[in-house]
Amino acid sequence: MTQSTMQQSLGVTATMMVEQINRQGSGNIRVSVDRYAATASTDGNHICLPVVEDDKRFIALAYLGHEASHARVTDMKAFRAFAKQGPLHQGVLNIIEDIRIERSIVRVYPGLRNLLGQLVAHLVQEGTMGTTDGEKHPVVVFVNWLLHTRRAWVLRQSALDDIAKEDDALARSILGDDIMDRAEGILECLPTMGLDFKATAEAVAVAEQIIDLIREAEEQHNDQSQQEEQKGDSGDDQDQGESQGSGQGSQDEGSSGDAEGDSGSSSESDAGEGSDSGSDSGDSGSSEGSDSGKEDDLEQNGGKSSRKFKKIVQPWINTPVPDTDLGDVLQKHGHLDRSGSPDVELKDTFSFARFSHLPTYTGETRGVLAAEASALAGAVRRSLRALLEGQARNRRDPRRQGRLSSGSLPTVMTGNHRVFYREEFARAQSCAIHILLDVSGSMTAAESERGFSLMAESVIATHAMMEALEPLKGVRSALSVFPNGEEMEVWSPVPFSETFSGVKRKRAASLYPAAGGVCTPMLQSLRAVAGNLLAQPEQRKIAIVVTDGEPDRTGECPAEAVEEVRKMGVSVFGVGLGVDLSPIFGDQYVTVDKLEALSGELRKAARTVLR
């Protein structure tokens with residue numbers, strides 16, 4: 001499958017990716033492409049993508065892979081407990097945990113390595129990543145160094161190579177070689193760190209060591225700053241002492257001259273005693289004002305006096321740091337905002353629901369429907385088995401060399417030289433079949449001659465098909481219904497990971513929906529099923545859609561949407577219940593006019609697509 005074909009439908013590719021990730025682990029991640037979503041979002045398990053232009057598909061898929069890897073192997077309880085201690089704690093742990101989870105996810109889905117590398121290159125080119133804006137605060141410098149060097153040197157994201165070298169040189173010039181060498185020593189474990197859910201504790205332990213190292217660097221920085229300040233203060237005190245000594249000498253000379261003139265002016269002093277007293281009072285006030293002004297001046301000029309003033313400095317641990325989580329960067333800078341208005345492009349995909357929101361038939365009715373399905377399953381199974389066994393059988397191929405065929409020897413006299421044979425075995429291709437059943441409100445209206453509603457007849461036919469397919473060698477089957485009540489979701493009562501008989505034993509009620517929603521979102525549901533099929537290991541992927549009406553809630557051409565899915569490698573076949581589906585499915589469809597014939601037509605459909 002080419003990359004261009006893979007990106008023709010974001011919803012199908014996203015669903016395929018999530019299904020493959022879920023299949024490789026124990027996660028239950030869901031994804032949907034929502035035409036009305038303004039931007040990408042996630043609640044930890046459900047990832048919602050907006051409709052984006054073709055040139056942004058790789059961004060959406062890289063974001064999906066990144067967030068899915070968090071959901072798969074990040075212990076959010078341990079993560080949040082450490083991150084809540086402050087912005088620096090969260091920023092450092094984000095970087096270390098992102099390195100770990102991206103190493104994990106590329107083992108499950110190798111194509112994500114190129115997607116994530118392409119995304120980082122795009123962010124560097126746009127100036128969203130790899131820029132420091134001249135920031136020289138030691139904490140910000142260190143965090144940028146940690147982010148860029150680990151992505152460049154551990155994840156091999158080459159777009160950051162030059163930036164990483166520059167950040168390393170800057171960090172060493174500000175924090176010193178000793179601190180940076182010790183940081184490298186702590187981070188040596190990143191390429192070998194555990195890749196499972198429990199390994200988040202390892203990431204937290206490494207982040208704690210990095211935080212302790214930053215605290216130590218802060219202490220060294222503060223001690224060095226204090227020493228420099230003390231040196232500056234001692235120099236100022238020495239200058240001030242020299243200035244005071246010079247002033248004292250001038251004052252002594254002046255007082256000597258004043259003493260010589262005291263005798264001549266004694267009478268004048270006596271006569272003006274009153275005024276002198278007032279002058280003395282004024283001088284005293286002036287002196288106090290002068291001293292106060294000097295103190296104010298000293299405070300304004302940095303406090304360089306015998307009185308020390310404390311310098312208020314924010315602790316490094318509380319310093320705001322740049323965004324370090326890839327998902328946060330994409331959302332904050334609008335890289336995953338919806339392209340245009342919701343009406344520009346209306347392709348979207350429903351996610352697979354975790355729970356059913358559909359009402360079910362009562363126990364008595366379920367028993368009747370189950371008996372009818374079992375009665376039909378035998379004939380369907382025999383027909384399909386004969387078809388598959390005919391595709392996988394031994395046959396003798398006449399040749400001019402090989403083993404001698406004694407029965408062909410008499411024909412040599414007639415000029416036949418092909419009296420040898422080679423026995424060959426034609427192996428049938430493995431097959432994954434996903435039946436998609438419409439359970440919209442209109443399915444409850446019509447009734448068959450047996451008194452069953454269209455919904456009941458559809459349940460009987462699909463159950464007969466599931467029972468017939470289960471024992472066939474090389475065939476796996478799944479059953480899904482749409483819509484899931486009022487929710488815009490696809491509900492899969494029988495996923496590929498389970499068997500029909502197993503579900504029937506565990507939770508039989510979920511197999512018998514009695515009603516559904518009010519719309520027929522066929523195309524959105526088909527994309528979800530196609531993505532699910534593409535994630536399966538079987539060689540052939542087949543989707544059989546059973547519906548009583550044309551799709552709604554779409555602004556696109558249904559035939560083009562179906563053809564798009566077929567180009568991705570999924571065979572799509574339509575079964576119309578009293579409706580002509582040729583405008584949608586072309587010649588790959590059947591129309592059922594009598595409900596009683598539904599199971600027979602469904603068997604024909606299966607034989608057609610299995611040929």
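The H on the amide N of I47, modeled in the peptide plane, is under 5 Å from the matching H of R30, V31, S32, each at least 5 residues off or on a different chain.
Just the number, please: carbon plus sulfur as a percent of the accessible area of region 510-553, 1.4 Å probe, no ligands or DNA/RNA counted. Solvent-exposed carbon and sulfur of region 510-553 make up 43 percent of the total. An oblate overall shape is assigned to region 66-224, the ratio a/c of its alpha-carbon gyration tensor axes (a ≥ b ≥ c) being 1.5 or greater and a/b not exceeding b/c.
Extension gain for A169-L195 works out to 6.3 nm (0.36 nm per residue, less the C-alpha to C-alpha distance). The stretch between K567 and T591 holds 6.3 nm of extra length on full extension. This uses 0.36 nm per residue minus the Cα-Cα distance.
At full extension, E228 and R354 could sit 39.0 nm farther apart than now, given 0.36 nm per residue minus the alpha carbon distance. The alpha carbon gyration tensor of region 516-611 gives principal lengths a ≥ b ≥ c with a/c of 1.5 or higher and a/b no greater than b/c, which makes the shape oblate. Taking every protein chain into account, the accessible area of region 502-562 amounts to 32 square angstrom per residue (probe 1.4 Å).
Mind ranking S582, S440 by accessible surface for me, highest first, 1.4 Å probe?
Highest to lowest solvent-accessible surface, that is S582, S440.
Loop-resident GluC sites (Glu not before Pro) (DSSP state other than H, G, I, E or B) in region 465-571 with no more than 12 further Cβ atoms inside 10 Å of their Cβ: E486. The calculated FRET efficiency for Q118 paired with E188, based on their beta-carbon distance and R0 = 35 Å, is about 0.80.
The values are calculated or read from the model by the stated rules, or taken from the named source; none is laboratory data. Source: prediction; values computed, not measured. Counting neighbours? That spans all protein chains shown, and the Cβs are built from the backbone with ideal geometry, glycine included. We work out accessible area using only protein heavy atoms, side chains counted, and drop any ligands, DNA or RNA first. Shrake-Rupley method; radii C 1.70, N 1.55, O 1.52, S 1.80 Å.
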